[in-house]
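The values are calculated or read from the model by the stated rules, or taken from the named source; none is laboratory data. If you're wondering where the values come from, they're calculated on a predicted model, not measured in any experiment. Here Cβ is always computed from backbone atoms with ideal geometry, including for glycine, and neighbour counts include all displayed protein chains. Ligands, DNA and RNA are excluded from the accessible area calculation, which covers all protein heavy atoms including side chains. Shrake-Rupley method; radii C 1.70, N 1.55, O 1.52, S 1.80 Å.
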Amino acid sequence: MCHGRIVPLARLKRSHQTLYRLCPQPAILRSDYARAMATSGQSTTIKKRVVAGSFLFRIPDGDDKQARVALFRRSGKVSTYQHKLAPCSGSVEASDASPFAAALREILEETTLPASSLDLLRVGKPYAFTDESIGREWNINPFAFRLKDVAEGGKGEEGIKLDWEHEGIEWFDPMQVSGSDEFGGVPRLVDSLRRVWPEYDLGHKAGGVLTEGLQRLRDDHEHGARELAAMGVSTLRDVIRQMDSQPIDESWWSKVRMAAWHICQSRPSMGAAITSAIVKALNAVKAVYLADAQTADKIQQMTQALDQQLSDRSSVTDRICQSFTEYVRRDILQDGESKDTVSILTLSLSSTISSCLLQAASTLGVALDLRVLESRPLCEGVTLASKMLKNSPEGSGLKVTLYSDASVALAARDVDLVLFGADRISSAGDVSNKIGSLPTVLTARYVSPNIKIVVLSDTEKIAGPGSIDEHGSEENSHSELSWVWKGTVEGAQVVEDALSRDDPRLAVKNAYFEWIPAKLVDAYATEEGLWSTEQIQDKSTWIGNEIEECFKDL
């Protein structure tokens with residue numbers, strides 16, 4: 001697919017200015033990359049290459065039926081597949097942080113398009129094949145990007161300027177791309193495309209449902225991981241409903257799993273919860289797939305099984321609340337002198353936290369002094385405060401105080417515990433949560449040394465094996481920060497102008513999540529009780545094995 005050097009695979013750490021960003025290799029990808037690179041240094045007659053291949057799409061008005069994909073005509077100066085059509089491709093170099101970073105670099109080098117002109121659509125399942133005719137083994141990491149037009153701040157199609165590796169660019173309906181000799185593509189072109197454009201196999205109907213679901217998952221910055229996991233299962237269910245005209249055979253099962261793969265990849269920072277829920281859903285679907293029944297009956301049974309999974313999730317929060325109140329009674333109220341008030345500091349918006357706080361206020365028999373950080377840039381803490389006020393009666397003993405994020409030291413004074421939700425929990429017990437969580441913990445520990453740090457989470461948020469550096473993260477649009485500057489802050493327009501022209505001297509970072517090390521956490525309250533880091537590690541190993549089983553042969 002492309003020429004290049006043999007290189008080790010590095011972790012994905014660099015980000016770009018899209019609505020969300022893919023960072024270090026998610027656990028679900030790691031085993032594929034590890035296998036690809038394990039033998040890359042062996043001396044054989046077959047040369048091994050790890051490649052990032054990027055498909056650029058135009059999608060007018062967001063209508064996938066009008067989508068067109070760019071294929072680049074390789075020049076006669078490249079070492080392989082001269083004059084063939086291919087995505088924008090290149091080897092993962094030693095200096096690249098990851099295949100994703102390599103993809104962005106290759107696009108910039110070969111088209112002059114910066115990251116700000118691209119919107120990441122899909123991360124394809126990596127795969128490998130050998131082309132013995134040229135003595136190459138290709139390990140392909142496919143990506144799909146939407147080309148942003150000028151009105152969106154991108155350079156658009158007019159901004160593409162080809163380098164020496166290509167002699168032209170052609171736009172195709174992705175459904176018409178073919179693997180035939182007459183089409184003139186590089187080997188396995190369609191295999192790469194279908195991994196980032198599942199509509200190719202699913203068809204417009206089921207593919208459209210998947211695309212809409214992925215977009216909802218990607219754009220939802222209001223709900224937490226638990227709600228997004230349910231949204232992911234609902235999306236998979238709806239895709240299966242639209243696949244009722246296809247024979248339920250091995251090919252059908254592969255298509256369902258590929259759709260599930262894309263759902264798992266839709267939100268890296270929420271990936272643990274989404275993946276756990278999707279793996280459970282796939283196991284339920286697989287049981288019906290293997291059964292002896294008619295296609296229509298199987299589709300109905302599958303969707304009913306997924307509906308039941310969604311229904312069963314409603315009891316999880318109640319059980320987490322029970323674990324939390326048990327902890328407060330045991331470790332706060334019965335720890336030394338009697339208390340008539342429990343002081344709790346929290347931030348952001350979590351349905352689990354609000355439910356647990358409301359139950360605590362009504363059952364613990366003490367007043368609740370709740371201190372909430374406003375949680376910029378979207379100020380979800382304000383929404384949490386409003387929910388608490390609306391759902392607790394006057395005279396309930398609840399007092400809510402909102403603080404600016406910068407005044408966390410004041411908010412933490414004489415607090416009994418800091419309460420967090422979790423978007424992910426690593427195999428070591430480290431917790432990923434809303435940005436500002438780590439400074440809150442560190443400040444609270446300094447201001448109130450005896451404070452307890454408690455995490456509320458269902459166990460599906462436990463990720464597969466891997467360190468925190470190997471998990472994805474998100475960085476979002478700088479506009480979420482800069483809107484409060486406009487018209488009120490001196491010099492704001494200078495900054496906006498610099499951002500609009502991609503001034504290399506300036507960057508605005510809007511990360512959504514950060515990690516709290518396990519050593520700073522005192523308790524994990526789950527639907528299965530108060531868990532230890534050992535139990536978390538066991539669960540992580542289990543989910544890692546399940547992920548491998550579900551996606552290993554795609």
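A compact table of results
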{"quantity": "Relative contact order of the range 332-483, defined on C-alpha pairs under 8 angstrom at six or more residues apart (%)", "calculated": "23"}
{"quantity": "Kyte-Doolittle at least 1.0, axis length at least 20 Å by Cα - qualifying DSSP helices, the chain", "calculated": "271-289"}
{"quantity": "Stokes-Einstein D (µm²/s) once Rh is taken as the Kirkwood radius of the range 477-516 over alpha-carbon pairs, at 25 °C in 0.890 mPa s", "calculated": "218"}
{"quantity": "Loop-located GluC sites (Glu not before Pro) in the range 496-554 whose Cβ has at most 15 other Cβ within 10 Å (DSSP)", "calculated": "528"}
{"quantity": "Antiparallel DSSP beta bridges within the chain, percent to nearest 5", "calculated": "50"}
{"quantity": "Sequence-distant residues sharing a close amide H with residue 127 (under 5 Å, placed H)", "calculated": "140"}
{"quantity": "Calculated over the range 146-296: convex hull of Cα atoms, volume per residue (Å³)", "calculated": "153"}
{"quantity": "Average Cα contact separation per residue, the range 332-396, under 8 Å, 6 or more apart, as relative contact order %", "calculated": "37"}
{"quantity": "Surface share of carbon and sulfur [accessible, 1.4 angstrom probe, percent] for the chain", "calculated": "49"}
{"quantity": "Partners for residue 390 among aspartates and glutamates (Cα-Cα distance below 19 Å; same-chain residues under 8 apart left out)", "calculated": "222, 369, 374, 380"}
{"quantity": "Interchain or long-range residues, amide H under 5 Å from residue 89's placed H", "calculated": "54"}
{"quantity": "q = 0.15, 0.21, 0.29 Å⁻¹, the range 168-228: log10 I(q)/I(0) [Debye, one scatterer per Cα]", "calculated": "-0.60, -0.87, -1.19"}
{"quantity": "Under 26 Å from residue 298, Cα to Cα: lysines that are on another chain or at least 8 residues apart", "calculated": "205, 255, 280, 286, 552"}
{"quantity": "Per residue Cα convex hull volume in Å³ - calculated over the chain", "calculated": "167"}
{"quantity": "Alpha-carbon centroids, the range 177-212 and the range 535-554: separation in whole Å", "calculated": "28"}
{"quantity": "Compactness of the range 405-554 as Cα Rg over 2.2 N^0.38 Å, two decimals", "calculated": "1.31"}
{"quantity": "Surface/4 estimate of mean projected area, convex hull on alpha-carbon atoms of the range 411-450, nm²", "calculated": "3.1"}
{"quantity": "Solvent-accessible area per residue for the chain (1.4 angstrom probe, square angstrom)", "calculated": "41"}
{"quantity": "Rounded accessible area of residue 197 (nearest 10 Å², 1.4 Å probe)", "calculated": "10"}
{"quantity": "Relative contact order for the chain, counting Cα pairs under 8 Å that sit 6 or more residues apart, in percent", "calculated": "15"}
{"quantity": "Ellipsoid semi-axes in whole angstrom, largest first, where each is sqrt(5λ) of the Cα gyration tensor of the range 69-138", "calculated": "22, 16, 13"}
{"quantity": "Largest to smallest accessible area among 327, 81 [probe 1.4 Å]", "calculated": "81, 327"}
{"quantity": "Coarse-grained scattering of the range 329-392 at q = 0.12, 0.16, 0.17, 0.29 Å⁻¹, given as base-10 log I(q)/I(0) from a Debye sum over alpha-carbon atoms", "calculated": "-0.32, -0.54, -0.60, -1.28"}
{"quantity": "Projected area averaged over orientations for the range 344-491, convex hull of C-alpha atoms, nm²", "calculated": "10.9"}
{"quantity": "Solvent-accessible surface (1.4 angstrom probe) belonging to residue 323, in square angstrom, nearest 10", "calculated": "10"}
{"quantity": "Calculated SAXS-style log₁₀ I(q)/I(0) at q = 0.14, 0.19, 0.26 Å⁻¹ - the range 193-239, Debye, Cα scatterers", "calculated": "-0.35, -0.60, -0.91"}
